[in-house]
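Each value in this text was obtained by applying a stated rule to the coordinates, not by laboratory testing. Computed from a prediction, not measured in an experiment: that's the story for all the values here. Cβ sites come from the backbone with ideal geometry, for glycine too, and all protein chains shown count toward neighbours.
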Amino acid sequence: MSTSTTPSVESAASPERSTFISWLAVFSIMLGIFSIVTTEILPIGLLTSIGSSFAVSDGMAGLMMTMPGLLAAVSAPVVTVATGHVDRRVMLGVFLLLLSSANFLAAVASSYSLVLISRVMVGVTIGGFWSIGAGLARQLVPAKSVGRATSVIFSAVPLGSVLGVPLGTFIGDVAGWRTAFLAVGGFTLAVLVLLLAVVPPLPSDRATRLDVLGGMLRSVGTRFALLMTVLVVLAHFGTYTYVTPFLEQVTHVGSGALTIYLLIYGAAGIAGNFLGGSAVGRHPRSTFAAAAAMIAAATLLLPVLGRSDAGALVLLVVWGVAYGAVPVCSQTWFSKAAPDSPEASSVLFTASFQATLSIGALAGGAVLDRSSPSTVMALGGLTAALMVAVVWAHWAGRFAWPKSAQELSGRP
């Protein structure tokens, strides 16, 4: 990756810092990302409640999912460049403060317009915090522990993705959807205090250039990673954003049971994350294709088998396992396509994932307002099936991933 590099003022992983404090700093960043992911997807389980409070349709309520992703897609590369020389600890604190403010604004919003403004703030936070926090492990722990620390930071994605919706739905059922946003805002403030207490000053030693991202798009491997990510994320968020209306209108699940259904989905997603993470390194094509095929099967069968409680539960488990593997599979494909540009790969992964998340939620909402939840599921399933065909094309074309400079030099 083309960067301008200057010597770091002081390594955060210096001997003066205890191992416990260093790992606590890593944990605080993980918790920050957990707060971000939870806030981003919180409206999924509360969609109907929020929509009815402001007399807007489920499709219009889906804008709460659309806006953050679109803004995150823009802010990820922009923030990476614009804040290239600003202390990373300061920037992380600013973004967490912005996130907590967004949640508090949503909790007290008197109109749907204010809710959407809060989602704009969430979008800026997603792109900014991710573009900075995802690569900080090397500045917090010794070199030998960077890989493990990075895994801890990224574990916030499946944990937030699969636990945020059911937990938020549970709080919403017990005390109302506003209390759910209030709780996440308070949790984010607590994370901010922890982060400022344990993360040391982190002077930036790199400034990333936007032209690097443009160069990556000329790579065949990156184009395949981008196309597959777009299709599978479009399929997932075009359908899962509206899983609550489906379960309420087609399966006829009550509000209390809805939380249980989403918790089961969440547990399956955690399992899928670990299964996908352990398999994708050895079998990148088959693992990513299997995840997409399972999403396709679950969403295509839901309109038929999802009318019964048992059928809906089984398919939600299949869906949860499949989506749990998607982020790690997508990130692995981007990394394999540009092995010498890990930071640029992370930015491109984040931007494409978030942009497609928004488009999927918007498209699903448009279909829902004009048809039914079952139609939304069927169209999402066909999109996921198309992604499987793209993986087959990569295999049939015998495309190979480029080797890193370290591999070419023969160094261990």
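A viscosity of 0.692 mPa s and a temperature of 37 °C, combined with the Kirkwood radius over Cα pairs in Stokes-Einstein, give a translational diffusion coefficient for region 17-79 of 234 µm²/s.
Which residues does a label at Ala393 reach in region 214-230, if reach means a backbone N under 20 Å from a point 7 Å past the Cα toward the Cβ? It comes to 216-230, nothing else. For region 210-401, the equivalent ellipsoid built from the Cα gyration tensor has semi-axes of 30, 17, 14 Å, listed from largest to smallest. Projected over every direction and averaged, the convex hull enclosing the alpha-carbon atoms of region 16-208 yields 10.5 nm². Taking GluC sites (Glu not before Pro) in DSSP loop states with no more than 14 other Cβ atoms inside 10 Å as exposed sites, the chain has its longest site-free stretch at 17-412.
Subtracting the Cα-Cα distance of Ser110 and His85 from 0.36 nm times their residue separation leaves 5.1 nm of extension gain. May I ask which residue of Val250, Ala363, Val146 lies farthest towards the positive end of the charge dipole of the chain, with charges of +1 (Lys, Arg) and -1 (Asp, Glu) on Cβ and the Cα centre as origin? Highest projection toward the positive end goes to Val146. About its Cα centre, region 176-322 has a charge dipole of approximately 400 debye under the convention of +1 per Lys or Arg Cβ and -1 per Asp or Glu Cβ, with nothing else charged. Taking the square roots of five times each eigenvalue of the Cα gyration tensor of region 160-319, the equivalent ellipsoid has semi-axes of 32, 27, 14 Å, listed largest first.
When only Cα pairs under 8 Å and 6 or more residues apart are kept, what is the percent relative contact order across the chain?
Averaging sequence separation for qualifying contacts and normalising by length gives 26 percent for the chain.
Between the exposed loop cleavage positions of the chain, defined as trypsin sites (Lys or Arg not before Pro) in a non-H, G, I, E, B DSSP state with at most 10 neighbouring beta-carbon atoms within 10 angstrom, the longest gap is 1-217.
Between Ser346, Ser308, Ser49, the Gaussian network model of the chain with springs among Cα atoms under 10 angstrom shows the greatest mean-square fluctuation at Ser308.
Listed by Cβ neighbour count within 10 Å, with the fewest neighbours leading, Trp392, Trp333 appear as Trp392, Trp333.
Toward the positive end of the charge dipole of the chain, with +1 on the Cβ of Lys and Arg and -1 on the Cβ of Asp and Glu, the farthest Cα among Pro373, Ala225, Trp130 is that of Ala225.
Taking other C-beta atoms within 10 Å as the exposure proxy, Thr19, Thr299, Thr229 rank Thr19, Thr229, Thr299 from fewest upward.
Membrane-span-like helices in the chain (whole DSSP H runs, Cα extent of at least 18 Å along the helix axis, mean Kyte-Doolittle hydropathy of at least 0.5): 19-53, 63-82, 88-108, 112-133, 156-175, 177-198, 220-240, 255-280, 284-305, 309-337, 342-370, 373-396.
From least to most packed, judged by other beta carbons within 10 angstrom and beginning with the fewest, His252, His394 follow the order His252, His394. Under 18 Å from a point placed 7 Å out from the Cα of Asp369 along the Cα-to-Cβ direction: which residues of region 45-79 have their backbone N that close? Only 47-70 pass the distance filter.
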